[in-house]
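See below for the structure under consideration.
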């Protein structure tokens, strides 16, 4: 999204008296990222190096991809608690397919090529998401409850398929022609990890969709005022099904990237990642009431969380303190959100 | 309750019998002046009724007297001494209670818990439910209503809920009781009980302020009448000096010219045809719209007048596709659209401008321009995305056509005044090029100048061949641009008039008053 969009979200009065405080609140995610980068580069000489930045970015890619899906859902006024579990299950599905599918009746083992594995995994994620969408849009199940249910179901299925074990050999086998799964997690394009490129492409696509397409406007309108959107002819149930399906699909993308980075798929992968995704969206300035937020902010939010936790690891802060810091950052972000939106009717 | 007023200097002769007075009270909401310096006396131990059309400022005045709002200027005098209330709780502590038009009960809780909400009888062992229940039974027995205090409020009929609300006000020993439309949900026999209770309260020295749209009913019970119009007090008289005609004359007054029906052309074909339409409430037991039939021709403006609860909103929401029709047919240009979605109806040329623009009309998080183009986005798509140029043209056209006064279409919708917000809602729906436009109370909450402009827009649309159907609860607005006036009462059409009808006849047909 361009800069003009930010000014659109503010009444003229606020635009006239731009001061430091306003500027800090507006660009808080960016300011926070700057503070984090400066602080850790002072603490550790290894922090601000190209190689470390790229490694951290490839971690951020997972959160970022999840957060884009989460943003779409939160913009409509909903929430998707299932993204972490769907991420885990997607990895398992991919792992399962990579091991070859045995057809006992015909006595053959089918090894689908990697592209087919990817397509099937994404389709599965979208399918799972659209189930949530139908529950929310047509059965009037609250999003919180519907996605909480899917969270447990997906995690359970992942454990059932693997019997609690992990698929370790996702490398494929040249004789079956299904090699190349590790490309997503290990390769680089022009020196940049593929996962980061995937994140950038997805961010660009969804940024444009939200800012420029009719569908994007429907998402904002649905979250801003569902009743008004309905009466203006916006197909609100369709929008709901779409955002949950997209969130499911993006979770699968993240699942593929993660299992490719690890060349293994475990049934507990992505545990509590939904919270990180929600945090990224909130730090990025989106309103949990729906209707406000954008991809750029969400990306900044994902980088804030990723760079903060990796930085704490680098300077040797205990994992327990990391959890405390992440929590504090989230509370601070929500506090600033309510400062920004507090004076206006939501 | 007697209060010695001799220690306070009396501001005027009335003060001897006025327990609560408003002196020069004004209230401004944003750009709208709801009250323009009103004087109002509540007579001790008597019923004072406040008459006035919607938007005249009745509810605002009552909310100021009961501490919900603070007046922008002016004084409240209680027992001869000026007083300021910081909250409705403080007013309640001074013995002033209000029964709001919308019930303020928690439906999930019992009658007992509602009556004692916020003032539970506490003991060392927790709440003394037995004592609360005993007091409830006494109160309800006084109101001759056989309601079990342990029943949940949601299981009661609306009329009974109203009684519970009244019981709650009585339970705090109010000496001034404000009732805002207390009978709108009551049956005739329940109204009789209420009036008996009111007389009983009077005999105990309780002063009552009564607001009602049912003029005849109010005349049965009142001792004094005060009429408000457009934020001013226009008349005051004791009961013996007044009759219905007097009230209507002062309520309606000489209205600002809201235009006249556009003439000089022939109506076209029937555009909107409603045939035996029935709409039920959520439970399916009650018919909100009862086998109603009407049609509107191209170029014709039809006004539906009715009191609150007459079924106007439900009728329009059903026509627009928001509510399902239980029976009957809706046809647009001869095509049956009864089972189509809201979006399909918009596409085929039937649009609704809803009653509550904050709740149903506008997306507050979006800009003026984004609101204006929302209903038309599909037509602005070129390739994959909406065309910025087309959207800008569309927005500029809509703003010009509906004369929205906005600094820039990129400002948030909330930066506009009520009247301009309403024009944005109208502009949004109108720019879809409809054949028929439905407007539910298009003049609600906007000032008189904006009203005139809205009606001018409707007249302009009709001249261009649009079929217009709008509702109103202000009788003066029926006699503006409408060619035909339909009066709705309890879900049915109770009368139909041409544009030459009198205000009194319209009000008579709505069940508001019978003037001979």
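The values are calculated or read from the model by the stated rules, or taken from the named source; none is laboratory data. Worth saying up front: this structure is predicted, and the values here are computed from it rather than measured. Cβ placement follows ideal geometry from the backbone for every residue including glycine, while neighbour counts extend to all protein chains displayed.
Conditions tested, residue by residue: (1) crowded, with 20+ Cβ neighbours inside 10 Å; (2) modelled with pLDDT under 90; (3) not in a loop (DSSP other than H, G, I, E, B).
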residue: B:310; (1), (2), (3): yes, yes, no
residue: B:315; (1), (2), (3): yes, no, yes
residue: B:319; (1), (2), (3): yes, no, yes
residue: B:322; (1), (2), (3): no, yes, no
residue: B:346; (1), (2), (3): yes, no, yes
residue: B:369; (1), (2), (3): yes, no, yes
task: Taking residue B:26 as the residue in question, decide whether it is within 21 Å of the chain's Cα centre (by Cα) and under 16 Å from residue B:211 (Cβ atoms).
output: no
query: Inside the range A:199-246, can you point out the residues that are more than 7 Å from chain B (Cβ to nearest Cβ), under 14 Å from residue A:293 (Cβ atoms) and in contact (Cβ under 8 Å) with a residue 60 or more places away in the chain?
result: A:203, A:206, A:207, A:210, A:211, A:219, A:222, A:223, A:243
message: Out of the helices (runs of 4 or more DSSP H) lying entirely within the range A:1-99, which hold 1 or more residues that are away from chain B (no Cβ under 14 Å) and modelled with pLDDT under 85?
response: A:20-26, A:28-43, A:83-98
message: Checking the conditions here, which among B:443, B:408 is within 9 Å of chain A (Cβ to nearest Cβ) and outside any helix (DSSP H, G or I)?
response: B:408
task: Taking residue A:322 as the residue in question, decide whether it is within 14 Å of another protein chain (Cβ to nearest Cβ) and touching a helix residue (DSSP H, G or I) at 6+ places or on another chain (Cβ under 7 Å).
output: no
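Okay, residues lined up against (1) in contact with a helix residue (DSSP H, G or I) (Cβ under 7 Å, 6 or more places away or on another chain); (2) part of a strand (DSSP E or B); (3) closer than 29 Å to residue B:33 by Cβ:
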{"position": "B:424", "(1), (2), (3)": "yes, no, yes"}
{"position": "B:434", "(1), (2), (3)": "no, no, no"}
{"position": "B:458", "(1), (2), (3)": "no, no, yes"}
{"position": "B:465", "(1), (2), (3)": "no, no, no"}
{"position": "B:469", "(1), (2), (3)": "no, yes, no"}
{"position": "B:477", "(1), (2), (3)": "no, no, yes"}
{"position": "B:486", "(1), (2), (3)": "no, yes, no"}
{"position": "B:495", "(1), (2), (3)": "yes, yes, no"}
{"position": "B:508", "(1), (2), (3)": "no, no, no"}
message: Taking the conditions exactly as written (within 14 Å of another protein chain (Cβ to nearest Cβ) and either out of contact with any helix residue (DSSP H, G or I) (no Cβ under 6 Å at 6 or more places or on another chain) or surrounded by 20 or more Cβ atoms within 10 Å (Cβ to Cβ) (or both)), does residue B:449 satisfy them or not?
response: no
query: Among the listed residues B:77, B:98, which satisfies the condition of being in contact with a strand residue (DSSP E or B) (Cβ under 6 Å, 6 or more places away or on another chain), crowded, with 22+ Cβ neighbours inside 10 Å and outside any helix (DSSP H, G or I)?
result: B:98
message: Go through the range B:329-376 and report how many residues are within 23 Å of the chain's Cα centre (by Cα) and more than 7 Å from chain A (Cβ to nearest Cβ).
response: 6
- request: Considering only residues that are more than 7 Å from every other protein chain (Cβ to nearest Cβ) and either under 30 Å from the mean Cα position of the chain (by Cα) or part of a loop (DSSP other than H, G, I, E, B) (or both), look in the range B:377-400 and name the one that is farthest from residue B:431 (Cα to Cα).
  value: B:383
task: Report whether or not residue B:243 is surrounded by 17 or more Cβ atoms within 10 Å (Cβ to Cβ), modelled with pLDDT under 85 and within 24 Å of residue B:306 (Cα to Cα).
output: no
- line: Taking the range B:293-308 and keeping residues crowded, with 22+ Cβ neighbours inside 10 Å and either within 14 Å of chain A (Cβ to nearest Cβ) or more than 21 Å from the chain's Cα centre (by Cα) (or both) leaves B:296, B:300, B:301
task: May I ask you to verify whether residue A:328 is touching a residue at least 24 places away in the same chain (Cβ under 8 Å), in a helix (DSSP H, G or I) and either more than 14 Å from every other protein chain (Cβ to nearest Cβ) or surrounded by 13 or more Cβ atoms within 10 Å (Cβ to Cβ) (or both)?
output: no
